[in-house]
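*Asks:* Here it is: the structure, laid out below.
Coordinate-derived values only; no laboratory data. All figures in this text were calculated on a predicted structure; none of them were measured in a lab. Cβ sites come from the backbone with ideal geometry, for glycine too, and all protein chains shown count toward neighbours.
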Amino acid sequence: MSHGFILAAAITGSGLKGFILPLCAAVMMCGCAVRATGLSWSEDFNKKLGFAGSAIFSGIFVFIPETAVTLVTEIAKAVTA
């Protein structure tokens, strides 16, 4: 008599893609935004712009991925042309 396990759902990794990755990206965006607002305007303005830009850039890829892929594809075509 063998005891086998039956999975109720197939293991596809969609839970990782649908929940964990956006959660990690949101944590990273919050960290970049907090770091950007913590810098003073006169002190390291380039760092402030870098952290704010990275938060915005990662937000675009998390919340509107189709548009982000199209945008990067068009930029790559323009650079290589």
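*Asks:* Do any residues in the stretch 62-77 that are within 23 Å of residue 20 (Cα to Cα) have Cβ atoms under 6 Å from those of residues that are part of a helix (DSSP H, G or I), where the two are at least six apart or on different chains, and which pairs are they?
*Replies:* Qualifying pairs under 6 Å: 62/22; 62/25; 68/60; 68/61.
*Asks:* Restricting to the stretch 57-81, name every residue that is closer than 10 Å to residue 29 by Cα and either more than 9 Å from the chain's Cα centre (by Cα) or polar (S, T, N, Q) (or both).
*Replies:* Answer for the stretch 57-81, where residues must be closer than 10 Å to residue 29 by Cα and either more than 9 Å from the chain's Cα centre (by Cα) or polar (S, T, N, Q) (or both): just 58.
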